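The values are calculated or read from the model by the stated rules, or taken from the named source; none is laboratory data. Keep in mind the model is a prediction, meaning the values are calculated, not measured. All Cβ positions, even for glycine, are placed from backbone atoms using ideal geometry, and neighbour counts span all protein chains on display.
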Amino acid sequence: MNVFKRYWMLILVFTIMWVILNEKADAGVMLSGVVFSAIALFLTDFFLLEKHYADEYSLKPFILVKYLFFLIFQIYKSGLSAIKIVLHRKYEVHIFDFESDLDDDLAVCLLANSITLTPGTVTANKKDKRLKILAFVAPEMEKMDVSVFQEFEKILRGLRR
């Protein structure tokens, strides 16, 4: 019962994700979502983490929602841009280095995953705060426009409680 008190918000979020993945919202799916979420959190906390899950991954909900909306917007925006570049066959593949200003490793990992989720870019390597990014770009571009990455960084900077 202690697991439920400590992690009720995470169990709720994971259960919602479980319901979405199952594409059903009946009682059985919700109950199994709660049970599997609690088990997964307990096992992760007990076997994988040095600190408690709630301490290690304590995130501000408002910032997380803001990040998700910005990510979805960037995915669509980048998708349209990538379609245009590919259809006109005016692109080259380049590898760029990007040094993040983020100090939190979780935030840097989220930034790397965000870059990979946006069409036309893939994070090929992450070493500390340095990211190696493979991207479709127009031939005349010698440097990558990092303004979007910096916007992600602004949002992710305030992610932890």
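Can you tell me how many residues in region 17-50 are farther than 25 Å from Leu68 by Cβ, modelled with pLDDT under 90 and not in a helix (DSSP H, G or I)?
Counting residues in region 17-50 that are farther than 25 Å from Leu68 by Cβ, modelled with pLDDT under 90 and not in a helix (DSSP H, G or I) gives 1.
Has region 69-76 got at least one residue that is touching a Ser or Thr at 6+ places or on another chain (Cβ under 6 Å) and of a type in the set (A, V, I, L, M, F, W, C)?
Yes; the residues of region 69-76 include at least one that is touching a Ser or Thr at 6+ places or on another chain (Cβ under 6 Å) and of a type in the set (A, V, I, L, M, F, W, C).
Out of Tyr53, Tyr57, Tyr76, which single residue is of a type in the set (Phe, Trp, Tyr) and at pLDDT 90 or above?
Only one candidate qualifies: Tyr76.
What do you reckon, is Leu68 of a type in the set (A, V, I, L, M, F, W, C), surrounded by fewer than 15 Cβ atoms within 10 Å (Cβ to Cβ) and in a helix (DSSP H, G or I)?
Details: of a type in the set (A, V, I, L, M, F, W, C): yes; surrounded by fewer than 15 Cβ atoms within 10 Å (Cβ to Cβ): yes; in a helix (DSSP H, G or I): yes.
When the stated conditions are applied, Leu68 passes them.
Please specify each residue of region 51-62 satisfying the condition of being in contact with a Lys or Arg (Cβ under 9 Å, 6 or more places away or on another chain) and in a helix (DSSP H, G or I).
Passing the criteria: Tyr53, Ala54.
Being modelled with pLDDT of 90 or more, of a type in the set (S, T, N, Q) and touching a strand residue (DSSP E or B) at 6+ places or on another chain (Cβ under 7 Å) is true for just one of Ser100, Ser114. Which residue is that?
Answer to the check: Ser100.
One residue is enough: does region 107-121 have a residue meeting the conditions in a strand (DSSP E or B) and under 21 Å from Ile72 (Cα atoms)?
yes
Got at least one residue in region 118-126 being modelled with pLDDT under 90 and exposed (fewer than 15 other Cβ atoms within 10 Å of the Cβ)?
So far as region 118-126 goes, no, none of its residues is modelled with pLDDT under 90 and exposed (fewer than 15 other Cβ atoms within 10 Å of the Cβ).
The rows are residues; the columns are (1) within 21 Å of Phe14 (Cβ to Cβ); (2) surrounded by fewer than 17 Cβ atoms within 10 Å (Cβ to Cβ); (3) touching a His at 6+ places or on another chain (Cβ under 7 Å).
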position	(1), (2), (3)
Ile72	yes, yes, no
Ser81	no, yes, no
Ala107	yes, no, no
Ser114	yes, no, no
Ala135	no, no, yes
Gln150	no, yes, no
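Quick check on Lys143: is it more than 13 Å from Phe70 (Cβ to Cβ), surrounded by fewer than 20 Cβ atoms within 10 Å (Cβ to Cβ) and touching a Cys at 6+ places or on another chain (Cβ under 9 Å)?
Answer is no for this residue.
For residues in region 83-94 being touching a residue at least 40 places away in the same chain (Cβ under 8 Å) and not in a helix (DSSP H, G or I), which is surrounded by the fewest Cβ atoms within 10 Å (Cβ to Cβ)? Steps first, answer last, please.
Of region 83-94, the ones touching a residue at least 40 places away in the same chain (Cβ under 8 Å) are 85-86, 90-94.
If we keep only those that are not in a helix (DSSP H, G or I) too, we end up with 90-94.
Values: Lys90: 13, Tyr91: 18, Glu92: 12, Val93: 10, His94: 15.
Filtering first and then ranking leaves Val93.
Does region 109-128 hold any residues that are under 21 Å from Ile63 (Cα atoms) and touching a residue at least 12 places away in the same chain (Cβ under 8 Å), and which are they?
Once the filter is applied, which keeps residues that are under 21 Å from Ile63 (Cα atoms) and touching a residue at least 12 places away in the same chain (Cβ under 8 Å), region 109-128 yields Cys109, Leu110, Leu111, Ala112, Ser114, Ile115, Leu117, Thr118.
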